[in-house]
Structures are given as C-alpha cells and as structure tokens.
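Chemist: A single structure is presented below for examination.
Please treat every number below as a calculation from the coordinates, not as lab data. Fair warning: this is a prediction, and the values are worked out from it, not measured in the lab. So basically every Cβ, Gly included, is an ideal-geometry build from the backbone, and we count neighbours across all protein chains shown.
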Amino acid sequence: MNEQKTLAEVVALWKTDKKQYVKKSSFSAYVLLIENHLLPSFGEQNLIEEAQVQAFVLQKLAQGLSQKTIKDILIVLKMVLKFGAKHQWLTHLPFDIQFPTDREKYNIEVLSRANQKKMMLYIQEHFTFRNLGVYICLSSGIRIGEVCALTWEDIDTENGVINVSKTIQRIYLVEDGLRKTELILDTPKTKNSIREIPMSRDLLKMLKPFKKIVNPSFFVLTNDAKPTEPRTYRAYYKNLMKSLNMPELKFHGLRHSFATRCIESNCDYKTVSVLLGHSNITTTLNLYVHPNLEQKKKAIDQMFKGLR
C-alpha cells in the first residue's frame, strides 16, 4: 500500500493529471471550487466520512450557496477521492448526501410580449452593432458568451441560419497560489450547443446588407477584430434596458423570453430543446413547460367531455 496522503496532496497530483483531459474552462471551474470550498474544509484530512460531508453541505446551504453549486462541489470531491483511492493514497468511503426538500417555486423571468415588441422595434429604429446583439438573442435564444463570440462568417444569409460553434468567457486561473483571470474563446459547453438556428425574416432583412460589406472574420458585436467580453456586454445591456424603462431583467432573460415565445407558439418541445442547445429535452421541460391556469382548465374540460 502506498503512503497515505492528505486531500490537499492528492488534489495537487489530481490537477496535473486532470489538466490533460478537460477543457481549460472546465479545469478552472474545478480548481476554483477546490480552492474556495474543499481545501479549507478537508485539505488536511486523508479520510472523509459521510457525516462530515453532510455537515459541510448544510453549512454551505446556510451560507446561501445554491443546491446546484453544492452538487458541483461534491462532484469534484468525488473525482479527487476516487483518484486518490485508485492510487491507494487515501481511503474513499462512498457517501449518500441528503438535501432539504426545495419547496421554492423556480420562476423564470421573461419579457412580456409587449415589452419584447417594444425592444425589437427600438433596435430596428436605432441600429448599432451592440443593439443588434440583443435583437439576435431575442430572435435565437443564444447565450451571452455565444453572441459575444459570433463573427460575420457565422451569419449565413444565403441559407438564413446562424451557426453557433464557439463561446467567449472569462475564466479564473489559480497558479502557484495566485489568482488571475483570462478571456478565452472556446467551443460551447456541450456538443449539443454547436447548432444551426434559422433566422426570422426581420433579422435576415436586417443582416443581409451588412453581410455584403463586412469583414467575415470580424466579431458581430464590435464589427472589429477584437471582441467584447460578456461582463462588458452585460453592463451595456443593463444600461439599454434602463434607458428604455424596461423591467430589470437579467441578460439570460432574453434566452428565457425566446424559449417562452416558442412554447407559446405551440412549437414542439424537442425542437425548442435543439434550438436552445440543451443537452437533453428534460432541461427544456423542467424550465419552460409549466401549464397556465387556462391550459389546466382546458385539460380538465377535455377529460370530462370524454367521460360524458
């Protein structure tokens, strides 16, 4: 049996190994969770028991972390422990963690139809490349990192589609105890995120004249060789919403608005899922398919009609 190591020592070896196999953005996310949460709590230990992990989870919930973030932390902890156990550096005892029942209703924020029309009309009448990005998001449901990464060659006006194949994000790097950030252009988070999205007639009409004169390698939002990054664009969007007296809606709300309009138009759920680039249809159903009272009444009426 190999000499026992602490979790901190195993983490150092695991990072060297893991770095070879995952995307830079994924690796930086793992390292951030380790540095911020796992090492302060378990770094000096070589045996981590279920009761300790359960107490850790409850503590993090009390600190205001979401269940999703805590589950992500536990995934990383399991990866490190399995790696350590495989090399016989520590003992890995499997754990089964309980989360309190989440009774809070998850409400997604979307633009009303009237506000969406107002916004799209304003952009058509006050064209700037940055405003165009908001219009594209409302017309296609693409994420902020994806719209920041769009270049003119991704806009296919011949076939009327937008090709989504990359994303821009600022990642945190922890090297030799020092933290820094780096802007990276990368492929989207899953293979389903690489997709073709048909353009609406209005969007196509807006983009066709530009396509003939722009440099295909330039980024759409800047019409320049240098992109704008998500946090800068998020700030621009916030100011735009404020100037139009729009409700405070997170940028991701544009994606939610697109999806909601699709569902309202009776678009089938599988198509909506593919357009959004979700890894499976369950994500789409959980997020957007919540019948309203009118639909519930209709379902009950139809059921009893069949019983008469």
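Chemist: For K296 and Y172, FRET efficiency with R0 = 41 Å and r from the beta-carbon atoms, rounded to 0.05?
Modeler: Numbers: r = 45 Å, r/R0 = 1.09.
Plugging the Cβ-Cβ distance into 1/(1 + (r/R0)^6) gives 0.35.
Chemist: May I pose another question? Magnitude of the Cβ-charge dipole of region 1-80, K/R +1 and D/E -1, about the Cα centre, nearest 20 debye?
Modeler: In total the dipole reaches around 480 debye.
Chemist: Do any trypsin sites (Lys or Arg not before Pro) in region 36-112 lie in a DSSP loop with no more than 16 other beta carbon atoms within 10 Å, and if so, which?
Modeler: Details: sites: K60, K68, K71, K78, K82, K86, R103, K105; in loops: R103, K105.
Qualifying residues, ordered by number: R103, K105.
Chemist: Hey, another quick one. Efficiency by 1/(1 + (r/R0)^6): what FRET value for S26 and S265, r their Cβ-Cβ distance, R0 = 45 Å, to the nearest 0.05?
Modeler: Working: r = 35 Å, r/R0 = 0.78.
The formula returns an efficiency of 0.80 here.
Chemist: If each DSSP helix of 4+ residues adds -39,500 (n - 2.57) and the sum is divided by the residues in the chain, what number results at 222 nm, nearest 500 deg cm²/dmol?
Modeler: On the way: 14 runs with 159 residues, N = 308.
Result for the chain: -16000 deg cm²/dmol, rounded to the nearest 500.
Chemist: Can you give me the C-alpha center-to-center distance between region 109-167 and region 1-74, rounded to a whole angstrom?
Modeler: Each part reduced to its Cα centre gives a spacing of 38 Å.
Chemist: Per 10 Å bin, what is the whole-percent P(r) computed from every C-alpha pair distance within region 57-189?
Modeler: 9, 21, 26, 24, 14, 5, 1
Chemist: Could you work out which residue, out of G253, G141, G84, moves most in a Gaussian network model of the chain, that is, has the largest mean-square fluctuation with Cα springs under 10 Å?
Modeler: Among G253, G141, G84, the largest GNM mean-square fluctuation belongs to G84.
Chemist: Take every Cα-Cα pair in region 156-210 and report what % of them are more than 12 Å apart.
Modeler: Working: 1077 of 1485 pairs.
Distances greater than 12 Å cover 73 percent of the Cα pairs.
Chemist: How big is the C-alpha Rg of the chain next to the rule-of-thumb value 2.2 N^0.38 Å, as a ratio? Walk me through the intermediate numbers first.
Modeler: Values: Rg = 23.5 Å, N = 308, 2.2 N^0.38 = 19.4 Å.
Taking N as the residue count of the chain, the ratio is 1.21.
Chemist: Right, another one. Report the label-to-label distance for M79 and N2 in nanometres (one decimal), using points 7 Å from each Cα along the Cα→Cβ vector.
Modeler: It works out to 1.8 nm between the two label points.
Chemist: Which of Y269, Y233, Y21 moves most in a GNM of the chain, Cα contacts under 10 Å?
Modeler: Its mean-square fluctuation being the largest, the pick is Y21.
Chemist: Another one. Ratio of region 150-244's C-alpha Rg to 2.2 N^0.38 Å, to two decimals?
Modeler: 1.29
Chemist: Could you give the nm distance between label points at R231 and N192, where each point is 7 Å from its Cα heading toward the beta carbon?
Modeler: According to this spin-label approximation, the distance is 3.0 nm.
Chemist: Still on this structure, please answer the following. Evaluate the Kirkwood expression for the hydrodynamic radius of region 171-298, namely the inverse of the mean inverse distance over all pairs of different C-alpha atoms, and round to one decimal in Å. The partial results should precede the final answer.
Modeler: Details: mean 1/r = 0.0547 Å⁻¹.
The answer is 18.3 Å.
Chemist: If you line up the long axis of helix 24-33 against the longest principal axis of the chain, both from Cα atoms, how many degrees apart are they, to the nearest 10?
Modeler: That works out to roughly 60 degrees.
Chemist: Expressed as a rounded percentage, what relative contact order does region 8-79 have, with Cα pairs under 8 Å and six or more residues apart? Can you show the working numbers first?
Modeler: Working: 22 pairs, mean separation 26.9, N = 72.
Relative contact order for region 8-79 comes out at 37 percent.
Chemist: Cross-link candidates for K296: which lysines have Cα within less than 21 Å, leaving aside residues fewer than 8 places away along the same chain?
Modeler: K105, K305
Chemist: I've got another one for you. Per 5 Å bin, what percent of the C-alpha pairs of region 7-86 does each bin hold, from zero upward?
Modeler: Distribution as computed: 3, 14, 28, 27, 16, 9, 2, 0 percent.
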